[in-house]
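All remarks here apply to the structure that follows.
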Amino acid sequence: MEMQHQESLGRWDGLGSRDASSRAEAMEFICQEVMRKVEAIEPIKAATPAPGSSSNSDLNDILVHLLMLSRRCPFEDVRGRCTQLLRDIQDLGIRIPRPLGSGPSRFIPEKEILQVSKVDASTQAIFEDAFAALRRLDNISLVMSFHPQYLESFLRTQHYLLQMDGPLPLHYRHYICIMAAARHQCSYLVNLHVNDFLQVGGNTKWLNGLNEAPQKLQQLGEINKILAHRPWLLTKEHIERLLKAEEHSWSLAELIHAVVLLTHYHSLSSFTFGCGIMPEINCDGGHTFRPPSVSQYCVCDIANGNGHANHHNDLLGNQEMCGEVEELMERMKQLQECRDDEEASQEEMATRFEREKTESMLVVTSEDEECVPSRDISRHFEDTSYGYQDFSRRGEQVPTFRAQDYSWEDHGFSLVNRLYPDVGQMLDEKFQMAYNLTYNTMATHKDVDTSMLRRAIWNYIHCMFGIRYDDYDYGEINQLLDRSFKIYIKTMVCSPEKTTKRMYESFWRQFQHSEKVHVNLLLMEARMQAELLYALRAITRYMT
Amino acid sequence: MEKMSRVTTALGSSSITGRTMFCHLDAPANAISVCRDAAQVVVAGRNIFKIYALEEEQFVEKLNLRVGRKPSLNFSCADVMWHQMEENLLATAATNGAVVTWNLGKPSRNKQDQLFTEHKRTVNKVCFHPTEAYMLLSGSQDGFMKCFDLRKKESVSTFSGQSESVRDVQFSMKDYFTFAASFENGNVQLWDIRRPDRYERMFTAHTGPVFCCDWHPDDRGWLATGGRDKMVKVWDMTTNRAKEIYCVQTIASVARVKWRPEKKFHLATCSMMVDHNIYVWDIRRPFIPFATFEEHKDVTTGIVWRHQHDPHYLLSGSKDSTLYQHMFKDATRPVDKANPEGLCFGLMGDLAFAVNESLVSSDGGRKPYPGGDRRYPFFSFKKPNPTEQFAHVSSALSVFETDLDSSRMDWFVKTAQLYLLSGKPFTELCDHNATVARELKRPQVSTTWTMLRIMFSDPALGPNHSLSKLGGLPLMNSFSMKEMGPESRLERCKGESRQDNIHLEPGNSHISNNNEENEETEGSDGPTEYMFGDAELDDDDLYPLEHDNQTVAEEPVYTLPPEAFQLRHEIIDNPSVPEHLQQDKADSPHVSGNEAEVACLTPIESFSLISISQPLYSPHLHANFFCPIVREMLSHYAERGDVQMAVSVLIVLGEKIRKEIDDLTQEHWYMSYIDLLQRFELWNVSNEVIKLSTCSAITCLNQTSTTLHINCSNCKRPMSNKGWICDRCRQCASACAVCHHVVKGLFVWCQGCSHGGHLEHIMNWLKNNSHCPAGCGHLCEYT
């Protein structure tokens, strides 16, 4: 919300309270204020019915916020009141907004995702926490709520990074988030953090582009670019340039904070695209004031599987791919059993890694019709041409990084925790949570040991970044991950903005949506760790 | 068996000679190990696997075990161990999960003997049984430990760590069947080699991974562990529950730990990240390393004592591709460099002083401390063994109390509370503050405020009006700027030179010596200073100053506090100037009235003379004209230790003076003043100062650490939520014990029973009751 309803801001805050009476009080206040505003504009509205005119854009903002609350607030009473209030306003002849599309994800039908209204107690508590902290419950959290254990750890880390004690000032943090998300043209995250950035008192001018921001942040642009697309190129010289820049220099602690934020938001962009996260209801593109069209379905609904059009297709697909899961399980079993029979020679192992690495480069991420509206985000990067694609076409090689020489557990953790206390611990928990998360199910099958599959996915992503585990046979990846899955992984990790619904649907057709989200979490965390390892290695090298 | 080996090694140790030396390896080392007779060392890493002979003057490469054209991952070693009984037998742990044994007795170039590929993940550690020739143990990332009989092709038993990665395995030196294993989740397990089904004992040793463990070579029950949490812990395993008996906090995660031979309490550690040094600790003195080896340029990855009965040689390998032999006599001893004295001022000007007892007692003829000084014997270790180098740990603590009672700092507190810094017109603020100062019997401060008002307020108000309040001061209006300017400067110069003189005095070198001398310094100090002041006045031949001195002389007692306070303060300001410290410290216990008086007042008083004279001289001067003088005045106050004055004036004058003083200085003053206020627990004042300051570094102070962590009053567990309801017990956590409603806003509670409630309710309750309103029977005390 903008400056003009500063006074109502406090009231929005009140809605996050755990105490029902203070929520009711806040709600009451909002009701009154909205009604006052509504009455104030009524005469004008009669004259100029155009919505969006300056006099009532103010009101519109509030209405949109109410709409968001009516859908996303974890508190039953607030949702009810907001819906009621909106209906009342509509009855007064005011046009109220409605959400565009439905549900938090374009890829996942809304009915599959947990409804805010029907969650178990522990998830409810997590939601309430998130809502109290941010005054919103974003779509990312909703999609992640398939995996509440992980969600808790994720939110705690994110909250700590953005809001708790840390070396960087708050507006810097959000600006860095914007920079990172803009690298992947992730308008969803950019919008979210532009709002936050302004709310913590950030300078609007900075949003005009990186060159309007302070020199110090501009310098971060370089490693933002490298980390996002080719982290292996990061050297200690880059670090040195940041740390020794006279009055614009970064301190080590600040740099660690920035690096953690950058990597977190790069990978979160991957997740956002990978799960097709919809814009927030109260952000641009999340709502409309237009009345519903005749067809009753907007494009998103159809794409979403909420319409009836797609059902037929799905059925077909299912029949076709029937044996997929079984086949995969069979292969896993085989690998487990015959592991000892044919012990591949060392060169063979090395070649397998190289092959996988090279191949991963050649997996073509389809140049798709879908062009994400890059609106005004592009201003945040100076060099749009710098992407993953460029170098893979030129056939450059990713140098190999030996995981045993610099691992998160032994080295990365200590460095982060030393310079930015507690964060090492949180990241460690988050990584472990993502890596070890399992329900021992695969699609409809129960009691499956999925560790092999999870490890293959994790290592495949690290392999794309050139990180090699001596103790892993990269032949397994070929056995377990089929081509469409590899394409999905590759796209999501390297150029997430190109992820399409088709890709999302074409891998692992029989699996549940929750399992696909699980895969996304793995991808996200593996990517973050890979980037972080390169960044931390460069910092360590600088320090020694 | 035991005896035998001891005899041979004793012979062997006599033959060990050498010096601190190193050689370059071709690649970073991951681990090193020595053979039993201490003549050779093996170095293993990702790209290196070589044996070096330890000769008198140098390392000589003996053998390269990486043979064959194709580099195999089996050569990529995470760990290596040389058998302590069989000279020809080595084992390595490979990063790809292979365990390889090597037989140096083989005639062919390839010495590889056996290859076990049973582990699925990286093997972190291999360990030979100390007395069995054929028994080898391995611990791997895949969570299994395997015991191999080298006469067989595969492992004889497998121990499962429940899918937690194993970081280290070590056979016990004394118990034939026991080995310890450390895990990534912070646990340490003890196993019996005959019982692979279940561990004998398990305990949590660290938070985060335990990277290493080492059994004490002599003491049966001691196990040292080191972890990512930067701790080294020594456990007594003889009792039923493993008991932590020593703990050393290092500065980085601990990668290796090795007991020092023949020294019961010594162990060596090296780190995995950031810190490249090798430390040898005396575990009884965990705060400072006993010895440090600082040769390596990158992290040390392997350390080993050259001979199991010789404590003087340490070998180490590092990521910087060097192999070192360190002679113990060449080690750096941090203790020698550490400052043996500790010094701290109390809030009321008391001084605590801790020093190594030997330094104090060596000074036999020391006179007793004068005045109200007391000595507290505080901390003393009995030497357990006079031959040990490190045992000499005892220190004495002395506390010097100021000879006047502690209420002397009252003026500071009162001033802080009574001063008005904002909220009224400038002239009123000045007047108010002047009154406050006058009532506290601080005439010079009071005068300064008045001066400031005159200088910076609207000239239309007329200087006469303001001057009339100043009593005798108008007398001095006969002085011109020209006369006074140089004089005040001169005076400051002298003040400085006085300090310099003292710096030059002998006695700084030895503390006890210095103490003794202090009294003399003291004695001569005051008069000298007085003379400076005096001489100055005479030189200038200014009769009004004499008058001034007289007025001042009426109240020497009240102006004492500035001195005591100021001394303390200067120490905070200039921690980097030790001589200065010593001088100040020497002063403080014996501040006698007059000298402090003069030291403090003379310059200030004359200073105010300058300023007062000015408006009369040319009443229409622009206020900016005074800025340089005010700036000097502020610096002067700050230097004299009255940072309170400096900051208060800075705030009250605001924009008028701010640009004149550079930001760093301002920030420095603010920080000092805020620090003082907080020590006096004047939280409100300190917060007001923070709020009123214009330095960005200061204003952000009250933005940080605003989080308050609370526990639920019902279930006693931390409240992770915002709001009033504990998410565990579903109760309102902060209910008022009197009215039983949730407290929103000010909550006060007893620190004894942790019951409490609304501030008002509790206050009312306590008027009539002394027990806790919750009925818990506690006699509540609220502070």
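Go through the stretch A:120-137 and report how many residues are surrounded by 22 or more Cβ atoms within 10 Å (Cβ to Cβ) and either away from chain B (no Cβ under 12 Å) or of a type in the set (Gly, Ala, Ser) (or both).
Total meeting the criteria: 3.
Among (1) touching a residue at least 40 places away in the same chain (Cβ under 8 Å); (2) more than 13 Å from chain A (Cβ to nearest Cβ); (3) more than 23 Å from residue B:214 (Cβ to Cβ), where does residue B:115 come up short?
Failed condition: (2).
Residues checked against (1) in contact with a strand residue (DSSP E or B) (Cβ under 7 Å, 6 or more places away or on another chain); (2) away from chain A (no Cβ under 13 Å); (3) not in a loop (DSSP other than H, G, I, E, B):
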position: B:56; (1), (2), (3): no, yes, no
position: B:60; (1), (2), (3): yes, yes, yes
position: B:87; (1), (2), (3): no, yes, no
position: B:93; (1), (2), (3): yes, no, yes
position: B:105; (1), (2), (3): no, yes, no
position: B:121; (1), (2), (3): yes, no, no
position: B:137; (1), (2), (3): yes, yes, yes
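Looking at the stretch A:490-506, is at least one residue more than 14 Å from chain B (Cβ to nearest Cβ), buried (at least 21 other Cβ atoms within 10 Å of the Cβ), closer than 20 Å to residue A:332 by Cβ and among the hydrophobic types (A, V, I, L, M, F, W, C)?
No, because not a single residue in the stretch A:490-506 is more than 14 Å from chain B (Cβ to nearest Cβ), buried (at least 21 other Cβ atoms within 10 Å of the Cβ), closer than 20 Å to residue A:332 by Cβ and among the hydrophobic types (A, V, I, L, M, F, W, C).
Could you list, in sequence order, the residues of the stretch A:457-466 that are farther than 13 Å from residue A:525 by Cα and either within 20 Å of the chain's Cα centre (by Cα) or surrounded by 22 or more Cβ atoms within 10 Å (Cβ to Cβ) (or both)?
Those that are farther than 13 Å from residue A:525 by Cα and either within 20 Å of the chain's Cα centre (by Cα) or surrounded by 22 or more Cβ atoms within 10 Å (Cβ to Cβ) (or both): A:463, A:464, A:465.
So if I check each of B:298, B:330, B:310, B:336, which one is surrounded by fewer than 21 Cβ atoms within 10 Å (Cβ to Cβ) and within 14 Å of another protein chain (Cβ to nearest Cβ)?
B:298
For residue B:713, work out the one condition from (1) more than 12 Å from chain A (Cβ to nearest Cβ); (2) modelled with pLDDT of 70 or more; (3) in a loop (DSSP other than H, G, I, E, B) it doesn't fulfil.
Here residue B:713 meets the rest and fails (2).
Restricting attention to the stretch B:232-253, which residues are surrounded by fewer than 20 Cβ atoms within 10 Å (Cβ to Cβ), over 14 Å from residue B:203 (Cβ atoms), among the β-branched types (Val, Ile, Thr) and away from every other protein chain (no Cβ under 14 Å)?
none
Being in contact with a Cys (Cβ under 9 Å, 6 or more places away or on another chain), part of a helix (DSSP H, G or I) and surrounded by 20 or more Cβ atoms within 10 Å (Cβ to Cβ) is the filter here, so list the residues in the stretch A:72-102 that pass it.
Correct list: A:81, A:82, A:85.
Kindly establish whether residue B:148 is at pLDDT 90 or above and within 14 Å of another protein chain (Cβ to nearest Cβ).
No.
Select from the stretch A:127-146 the residues that are part of a helix (DSSP H, G or I), over 15 Å from the mean Cα position of the chain (by Cα) and not aromatic (Phe, Trp, Tyr) and list them in ascending order.
Correct list: A:128, A:129, A:130, A:132, A:133, A:134.
Out of the residues in the stretch B:197-231 that are basic (Lys, Arg) and within 13 Å of chain A (Cβ to nearest Cβ), which is farthest from residue A:428 (Cα to Cα)?
B:230
Here is a check on your reading of the model: is residue A:143 surrounded by 21 or more Cβ atoms within 10 Å (Cβ to Cβ) and modelled with pLDDT of 80 or more?
yes
Among what's in the stretch A:451-466 and is over 25 Å from residue A:227 (Cβ atoms) and in contact (Cβ under 8 Å) with a residue 40 or more places away in the chain, pick the residue that is nearest to the other protein chains (Cβ to nearest Cβ).
A:452
If I ask for residues that are within 14 Å of chain A (Cβ to nearest Cβ) and surrounded by fewer than 21 Cβ atoms within 10 Å (Cβ to Cβ), which ones from the stretch B:41-54 would you list?
Within the stretch B:41-54, B:47 is the sole residue that qualifies.
Condition test on residue A:469, is it within 13 Å of chain B (Cβ to nearest Cβ), within 28 Å of residue B:78 (Cα to Cα), modelled with pLDDT of 85 or more and crowded, with 19+ Cβ neighbours inside 10 Å?
When the stated conditions are applied, residue A:469 passes them.
Looking at the stretch B:170-181, I want the residues that are within 16 Å of residue B:212 (Cβ to Cβ) and have a partner that is of a type in the set (Lys, Arg) and crowded, with 22+ Cβ neighbours inside 10 Å with Cβ atoms under 9 Å, at least 6 apart or on another chain. Which pairs are those?
Between residues of the stretch B:170-181 that are within 16 Å of residue B:212 (Cβ to Cβ) and residues that are of a type in the set (Lys, Arg) and crowded, with 22+ Cβ neighbours inside 10 Å, the close pairs are B:170/B:125; B:181/B:125; B:181/B:167.
The values are calculated or read from the model by the stated rules, or taken from the named source; none is laboratory data. Remember, predicted model here, so these are calculated numbers, not experimental data. So basically every Cβ, Gly included, is an ideal-geometry build from the backbone, and we count neighbours across all protein chains shown.
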